[in-house]
Amino acid sequence: HIDGLKMSKSLKNFVSIEDFLKGDGYQDSKTEKCSVDEDSGIINMNTMTTTRDFVHNSHNSLENPADDFRLWCLSLSGSYRGPATFSTARINEARSVRNKILRFLIEGEAWIHRKNKEEEENAQFSNVWQDKEYDLFKLTDRAKQRGISALENDLDGSTFLSELLIIIECGMKYINRKEKLPVEPLIWSIGELRTLLRLVGFSEKTTDAGLRT
C-alpha cells in the first residue's frame, strides 16, 4: 500500500524499481551531514544537510537505495506474510538506520587503525583482556545467536535488526572508552556484524564500509 491505497498501475500511484534505484522513489529528508576526516578517520556529523552527502575516505557516496529498501523489507515493513505500507518516512527511517550501521563500521575501523599505530609506538601497551573486553565478546556472540535464531523463526527481520543494533551500541561504547583497550574484541565484533549483514544480502557498499585497502 501507499498513501492508504493499494499500489496499482490503474491508480498510477506506484513507484517503479528503476525510479526508486535512481533515488526518485523517495525524497531527501534533512539529516545530519556525515563525512570522514581523512587524517583522523573521525566522522563529522555537525552540518545539517541531506543524506546524499554521506561520504567516506575515498569520497565515493555510500548512498545505496537498494540497501535502504532491503533494510525496509527486512525489518520496517512488517511480516512478509502480511500487507506492507510504503512511505517516504519509512524509507528515510531505513536510510537513517543504515547510516548508523555505516558510522559504526567506519569509526570502528578508524579506531582500530589508530590503536594499532599507538601499539607500534608504545612497547608498554597491554593486550591483556579485562571484564570489558570479555563483555563485548559475550554481548556480540549473544546478539549474533539471537539474530540468527530470529531469521530461522519465520524470517523475523525486526528482531534480527534489533540484535544488530545491540552489537553496534556495545561496540560504540567500547570505542568511546578513555582507556587504552585491546583492538581484538572490536575487530571480532565488527567482523561478526559484517557476516550478519552479508547473510541477508546487503551489498559491499554497506558490508565493507570503512575497510582500508
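The values are calculated or read from the model by the stated rules, or taken from the named source; none is laboratory data. Predicted model, so just to flag it, every value in this text is computed and none were measured. Backbone-built Cβ (ideal geometry, glycine too); neighbour counts: all protein chains shown. Surface areas here come from the heavy atoms of the whole protein model, side chains and all, with no ligands, DNA or RNA. Shrake-Rupley method; radii C 1.70, N 1.55, O 1.52, S 1.80 Å.
If the requirement is being modelled with pLDDT under 85, hydrophobic (A, V, I, L, M, F, W, C), open to solvent by 30 Å² or more (accessible area, probe 1.4 Å) and closer than 30 Å to ASN116 by Cβ, which of these qualifies: VAL55, VAL36?
Details: VAL36 fails: open to solvent by 30 Å² or more (accessible area, probe 1.4 Å).
Exactly one of VAL55, VAL36 is modelled with pLDDT under 85, hydrophobic (A, V, I, L, M, F, W, C), open to solvent by 30 Å² or more (accessible area, probe 1.4 Å) and closer than 30 Å to ASN116 by Cβ, namely VAL55.
Count, please, the residues in the range 152-162 that happen to be part of a loop (DSSP other than H, G, I, E, B) and either of a type in the set (Ser, Thr, Tyr) or buried (at least 21 other Cβ atoms within 10 Å of the Cβ) (or both).
So in the range 152-162, the residues part of a loop (DSSP other than H, G, I, E, B) come out as 153-156.
Still in the running and either of a type in the set (Ser, Thr, Tyr) or buried (at least 21 other Cβ atoms within 10 Å of the Cβ) (or both): none.
Total satisfying the criteria: 0.
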- With (1) open to solvent by 60 Å² or more (accessible area, probe 1.4 Å); (2) closer than 25 Å to ASN153 by Cα; (3) under 15 Å from the mean Cα position of the chain (by Cα); (4) charged (D, E, K, R) as the list, and ARG90 as the residue in question, which single condition is left unmet? (3)
- Of all residues in the range 185-213, count the ones that are in a helix (DSSP H, G or I), touching a residue at least 60 places away in the same chain (Cβ under 8 Å) and charged (D, E, K, R). 2
- All-but-one check, TRP111 against (1) under 18 Å from LYS100 (Cα atoms); (2) at pLDDT below 95; (3) outside any helix (DSSP H, G or I), failing number (3)
- Query: Say we look at the range 66-83 and pick out the residues that are within 17 Å of LYS100 (Cβ to Cβ) and not aromatic (Phe, Trp, Tyr); which of these is most open to solvent (accessible area, probe 1.4 Å)?
  - Reply: ARG70
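Here is a yes/no grid of residues against (1) modelled with pLDDT of 95 or more; (2) part of a helix (DSSP H, G or I):
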residue	(1), (2)
LEU105	yes, yes
LYS117	no, yes
ASN127	no, no
LEU164	yes, yes
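Residues are listed down the side, and each one gets a yes or a no for (1) in contact (Cβ under 8 Å) with a residue 40 or more places away in the chain; (2) in contact with a strand residue (DSSP E or B) (Cβ under 8 Å, 6 or more places away or on another chain); (3) open to solvent by less than 50 Å² (accessible area, probe 1.4 Å):
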{"position": "ASN127", "(1), (2), (3)": "yes, no, no"}
{"position": "ASP131", "(1), (2), (3)": "no, no, no"}
{"position": "LYS138", "(1), (2), (3)": "no, no, no"}
{"position": "ALA150", "(1), (2), (3)": "no, no, yes"}
{"position": "ILE168", "(1), (2), (3)": "yes, no, yes"}
{"position": "TYR174", "(1), (2), (3)": "yes, no, yes"}
{"position": "ARG177", "(1), (2), (3)": "yes, no, no"}
